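Working notes for the structure below.
The numbers here are math on the coordinates, done by the rules we state, and not lab data. It should be emphasised that the depicted structure is a prediction, and the values quoted were computed from it without experimental measurement. Heads up, the Cβs are rebuilt from the backbone with ideal geometry, glycines too, and the neighbour counts pull from every protein chain shown.
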Protein chains: 2
Amino acid sequence: MDVTTDNFQDVLKELKSLIDKCDFISIDCEFTGLDEAPATAIGTLRSASSGMANYTGMTAEEELQSRYEKIKASTMFLVVQVGICVFTWNAQTRSFIATPYNFYVFPREFKGLDRRFLCQAKCMSFLSSNHMDFNKLIKSGISYLNKQEEEYLREGITTKETEFIAGIRETIAEFLADETRSILILPQYDSYHRMLIHRDLSETFDDCFKKENVTVEREVCIKLQKNERTSSLGQTKAKIVESISNMAQKVEDKQIQAAIGFRHVIDHISSSKKLVVGHNMLLDMAQIEAQFCRDLPASCEEFKKNLHERFPLIVDTKSITSSDHPSFGLSFSGGTRLDAVFRTVMHDPFKKPIISLQDGCDKYKNNAQLHEAGYDAYMTGFVFLRTAQQIVMKSGSPSNSPQGKSSTGLTPRLKDLGVSCSRPIDVMIETLRMEGLLNKLYIMGGHSFHSLSLDDGGDEKMETCQKDGSNMGQMAVNSEYPQDSVNGNNGKGLWQIATSRSRNGKFHARDSRRPRQDSFEVNHAHKGQEKRPRMSV
Amino acid sequence: MDVTTDNFQDVLKELKSLIDKCDFISIDCEFTGLDEAPATAIGTLRSASSGMANYTGMTAEEELQSRYEKIKASTMFLVVQVGICVFTWNAQTRSFIATPYNFYVFPREFKGLDRRFLCQAKCMSFLSSNHMDFNKLIKSGISYLNKQEEEYLREGITTKETEFIAGIRETIAEFLADETRSILILPQYDSYHRMLIHRDLSETFDDCFKKENVTVEREVCIKLQKNERTSSLGQTKAKIVESISNMAQKVEDKQIQAAIGFRHVIDHISSSKKLVVGHNMLLDMAQIEAQFCRDLPASCEEFKKNLHERFPLIVDTKSITSSDHPSFGLSFSGGTRLDAVFRTVMHDPFKKPIISLQDGCDKYKNNAQLHEAGYDAYMTGFVFLRTAQQIVMKSGSPSNSPQGKSSTGLTPRLKDLGVSCSRPIDVMIETLRMEGLLNKLYIMGGHSFHSLSLDDGGDEKMETCQKDGSNMGQMAVNSEYPQDSVNGNNGKGLWQIATSRSRNGKFHARDSRRPRQDSFEVNHAHKGQEKRPRMSV
């Protein structure tokens, strides 16, 4: 369903209740641009290439920081569509119900806050060719204030207008407190200032006295007259001033709450603590943080901390499908683009669980709307369920998996570890946690795959998987798996266990600090590239 | 008429011929933003106010440079509509015919050149509320290369693709020069490189041999076969290499010519040397320079020089209508916004000349399309003709004015000065030159009016007219009028002569270096403001 200012209030109510009951939320954003161009000889904002970054000679930490800074620069572009797809397990039908929403979001000027944002010509053409309705976007896109902007406004900005209105309120308070007067004629003002007064009388004073324009010595003035409602403001000047101040505060709160707009959706997802799924979602998460929360911090460490606090459970399906997890075989050897993996998980061995679109969400039933955020979010959640289920099946968790008994005959690992899962989603989350695929964000590369672990607290900040030209290859794990901070499981080395198992059917506990290539071979030869390849973010 | 990629080629041909025969061209642009926000506590690209500039303590030159730097920063926003209205004098009907065009312009990625540009939320909403069709803009906007981008491309960018194609051409040249061979099978390449080869064979070689994909050892290869057309490339290797090089050059020229797109319009206007008219046009001219020509230079002096070279005759109707020229009386005391002055010049005393829309340009006949660039350009040209005519009437140039005899009884000044004008537009241009209103760009201010003289070569770079709160006031001319470079007239002090004359009906030659307030009084008292007020650009 497309969501704009026209139906936002209704959808927000419905969506909040849906999120409270759901299993997880998948998310996708569309942007006005991706890579900020480096300054070149032919103009600050043009570039002849996106500039291949060279990370040679950097430590892993420096490289990660450098990649992060590129992501941070990209937040000067705007998010124009946010797809949110809510997935809920239906125990009766033993299937997941998907409810996708396609939000058009566009900032509007509010009390002097007026955003500037970047666009990239190629990305705008790309959106256009994928049927983005820019007229709808700019006319009816849902506006928002991020946390930083809200804080700024609540600090109480003083403008000429607010000072002027404060003076008028003072005059009115004196008039109301003076029992001898029933009529106040304000001094003459120009039409703009009369408009400001009339607006404040309507909004703050809720029209609680009679007001009209009168002509005094050929100049228009505003005349106020006490009536029966006036006394509700109080009798003494102090009480009246307090009433006015309270009313003004209420009006401002209401205006700010309305202006927060789309951020209510993000805040509700965050406070639900539900799993958030994306495909190649690092930029999406960075943009959600920057546009709807606050400017990104200078350091990547700080960013990871903030993100983990806001969304404690994250799964990146790009990380999953790029992981060469043994349960996938060669399924994703053809590529891990969202549309490709979505097609792949429609077929063997990815047949379960059953996923249905909510009744009424017919837009995507028979129409692939690639690169519309709502549809991409739906595909992403779909891919998550199918791949997670496949990993669960292979990892074995017979009693709790959506499919009931696993046919793999493997040890029911979750039970072994004393994890109790009442819903299929919990089985999936715990399995992915054990497999080292929870809270791991994919970092784009050319022939390489980096992932950013939000759970990391140790020395190494990034995992590198180096691919050969055919997009397959050998994994080099540089990081260790620290103590899991959420449920106390020690996830160390579980990934290695799982993959080792795939070769010989048994588990081999091993030290994950040892380079992965020593213990893990896939069916593509290691082609001997450098350990840290060049790649662009 | 709206112009997009769909009809651009036809319109370009028609417009070029129209420009060659026209009297002058009026111009207007719409932008994605106006003022670049200063970095603030709440984010690099957001601002709580547009930031009132404070020029206190600056010399006139420093102030001008500072204002220019703000304009230069604004060129990070994009021009999205260019209105061009061509006005031609019809001697039979003794009227001007206006032909307006409304160009949608939008940059597209070309050979790796991919623009980044800024947008301002409030301006986007403004355009939307004024019916800008953003879908049309991004889908069908006419693309362009500016001069700088063209030069960059012509320098011969070397990419992996161009290197690859150069190697293929070399192989083909050897094959063609070898009489013993009739078939060439190129090595196997992946589908992307095969696509590059096929494209080059079609474009550069114009399919002048038979080509097909063949399977060699289960790999797809491209097979070339000589045919009767092959010999046209030459017999010796040297001759063949030369032919290929020539053909490749032609193809590239053609592609670049097509990619120049909308810039052909700007280039044609520039080379016509015709008068260009705008309303408050400094930003328009700066944007035209930056988007379609080259990045703005660091210094304002250099910018003025470049602009004057590109458009030797410029009239800013905002400068005219803000000038308090005695021939206007109080006509523009209500304000000098384009829509306001357009309404004003519909009535007395601005009744002449007659201006008609070209047959077929019905879009604007009965519909005010405010803030659509084509309509704004039309209004601007209209305002120019009516105000210029009014000045001509009052300055007196009976024999050549469009109205025939002037009824003012003033000295026919142009004749006195030995200027021969065969067309009404020449009378207007020469009169405005004498009045000091040619090549004077308005610089926006709060209660003030600065103008930027392109003809200046002397010490002072800017004129300041300080206005009181009612937008009227006293002119302080700080600049001198240097030797006129175009026709040898010495324009010095003519403005003062004309305005002095308005008081007593006679000319008083005076030294323009003397402050204007010494000799010129208008019917509004000088209110004694500081000489250099604060204002925002």
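Quick one: net charge of A:TYR375's neighbours, Cβ under 9 Å, K/R +1, D/E -1? Charge balance in the 9 Å sphere: -2. Shielding of peptide B:133-140 by partners, expressed as the average count of other chain Cβ atoms within 10 Å per residue Cβ, is 6.
Annotation for A:GLN255 and B:ASN130: the two label points, set 7 Å from Cα along the Cα-Cβ direction, are 2.6 nm apart.
Note: relative contact order over region A:160-255, using C-alpha pairs below 8 Å and six or more positions apart, is 32 percent. Each listed q (0.13, 0.14, 0.17 Å⁻¹) maps to a log10 I(q)/I(0) for region B:255-347, found by the Debye formula over equal Cα scatterers with no solvent: -0.58, -0.65, -0.84. Legend: translational diffusion of region B:160-255 by Stokes-Einstein, Rh = Kirkwood radius over C-alpha pairs, 37 °C, 0.692 mPa s; D = 241 µm²/s. With 5 Å bins beginning at zero, the pair-distance distribution over Cα atoms of region A:270-311 amounts to 6, 21, 35, 28, 10, 1 %.
Loop-resident trypsin sites (Lys or Arg not before Pro) (DSSP state other than H, G, I, E or B) in region B:216-267 with no more than 11 further Cβ atoms inside 10 Å of their Cβ: B:ARG218.
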